[in-house]
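Have a look at the structure below, then the notes.
The values are calculated or read from the model by the stated rules, or taken from the named source; none is laboratory data. Just so it is clear, the structure is predicted and the values come from calculations on it, not from any experiment. Cβ placement follows ideal geometry from the backbone for every residue including glycine, while neighbour counts extend to all protein chains displayed.
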Amino acid sequence: MKKILLLLVVVFATATISEAQIASGKYMIGGSATFQSGGNTWQLNPKGAYFLTDDISLGADLRIGDNGGGFFTDLGIAGRKYWSILDNTYLYGHAGVNFGVAGGGGVGVVLYPGVMYFFNERLAIDGALNGIGGGGIGLSLLF
């Protein structure tokens, strides 16, 4: 038991001491998944981005799912601006355009704020407020 506790302390200390490494030329992949049992709705949202500068990324995302009324697919392009607020924590503004491919089509503009916390220099959790009364949490990997 003491060995496990010591290991957890070392892992936590390493994660909090390391500096998050968002920087120009880095790539980030990630995404999120949403499931709601009441209406049998689900959504998968894989994303990828490239850092143009130390605090601006440009990326693409895919959104597939079923909103209870049928299957849909959207493709999108988006940019993010990051502001460092703590050693491993960043606020960001997200702006993008989504294009409906299947399930109704259409074009949508997305604007929302979010926060990213880096556990270490590669793995982050991403929380976003991307709708009135809604939001999501996803994981991202930086390389």
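Anything in the range 46-64 that is surrounded by 18 or more Cβ atoms within 10 Å (Cβ to Cβ) and at pLDDT 90 or above? List them, or say none.
Restricting attention to the range 46-64, the residues satisfying the condition of being surrounded by 18 or more Cβ atoms within 10 Å (Cβ to Cβ) are 47, 49, 51, 57, 59, 61, 63.
Those that are surrounded by 18 or more Cβ atoms within 10 Å (Cβ to Cβ) and at pLDDT 90 or above: LYS47, ALA49, PHE51, SER57, GLY59, ASP61.
Go through the range 65-76 and give me each residue that's in contact with a Leu (Cβ under 7 Å, 6 or more places away or on another chain) and buried (at least 16 other Cβ atoms within 10 Å of the Cβ). So that I can check it myself, show each step before the final result.
At the first step, the residues of the range 65-76 found to be in contact with a Leu (Cβ under 7 Å, 6 or more places away or on another chain) are 65, 75.
Matches in the range 65-76: GLY65 only.
Let me confirm something: among GLY59, GLY48, GLY38, which residue is part of a loop (DSSP other than H, G, I, E, B), among the small types (Gly, Ala, Ser) and over 18 Å from GLY106 (Cα atoms)?
Values: GLY59 fails: part of a loop (DSSP other than H, G, I, E, B); GLY48 fails: part of a loop (DSSP other than H, G, I, E, B).
Result of the check over GLY59, GLY48, GLY38: GLY38.
So THR73 passes all but one of these: (1) part of a loop (DSSP other than H, G, I, E, B); (2) within 22 Å of ASN40 (Cα to Cα); (3) of a type outside the set (Phe, Trp, Tyr). Which condition number does it fail?
(1) is the only condition that THR73 fails.
Restricting to the range 80-116, name every residue that is crowded, with 16+ Cβ neighbours inside 10 Å, of a type outside the set (A, V, I, L, M) and within 21 Å of LEU142 (Cβ to Cβ).
ARG80, TYR82, ASN88, TYR90, TYR92, HIS94, GLY96, TYR112, GLY114, listed by residue number.
Of the numbered conditions (1) closer than 19 Å to ALA23 by Cβ; (2) in contact (Cβ under 8 Å) with a residue 24 or more places away in the chain, GLY93 fails exactly one; give the number of that condition.
GLY93 satisfies every listed condition except (2).
Only one of GLY100, GLY114, GLY106 is on the phi > 0 side of the Ramachandran plot and at pLDDT below 95. Can you tell me which?
Values: GLY100 fails: on the phi > 0 side of the Ramachandran plot; GLY114 fails: on the phi > 0 side of the Ramachandran plot.
Sole residue among the options that is on the phi > 0 side of the Ramachandran plot and at pLDDT below 95: GLY106.
Quick one: in the range 30-51, which of the residues that are in contact with a Ser or Thr (Cβ under 7 Å, 6 or more places away or on another chain) and among the hydrophobic types (A, V, I, L, M, F, W, C) is nearest to TRP83 (Cα to Cα)? Don't jump to the end; show me each part of the working.
Step one: list which residues in the range 30-51 are in contact with a Ser or Thr (Cβ under 7 Å, 6 or more places away or on another chain), which gives 30, 42-43, 45, 49-51.
Remaining after also requiring among the hydrophobic types (A, V, I, L, M, F, W, C): 42, 49, 51.
Numbers: TRP42: 31, ALA49: 17, PHE51: 14 Å.
Checked the range 30-51; the qualifying residue nearest to TRP83 (Cα to Cα) is PHE51.
Right, ALA124: among the hydrophobic types (A, V, I, L, M, F, W, C) and in contact (Cβ under 8 Å) with a residue 60 or more places away in the chain or not? Please lay out each step first, then the result.
Details: among the hydrophobic types (A, V, I, L, M, F, W, C): yes; in contact (Cβ under 8 Å) with a residue 60 or more places away in the chain: yes.
Here the answer is yes, as ALA124 does meet what is asked.
Are any of the residues in the range 84-95 closer than 20 Å to THR34 by Cα and within 14 Å of the chain's Cα centre (by Cα)?
Filtering the range 84-95 for residues closer than 20 Å to THR34 by Cα gives 94.
In the following step, the residues that additionally are within 14 Å of the chain's Cα centre (by Cα) were identified as 94.
Scanning the range 84-95, I find at least one residue that is closer than 20 Å to THR34 by Cα and within 14 Å of the chain's Cα centre (by Cα), so the answer is yes.
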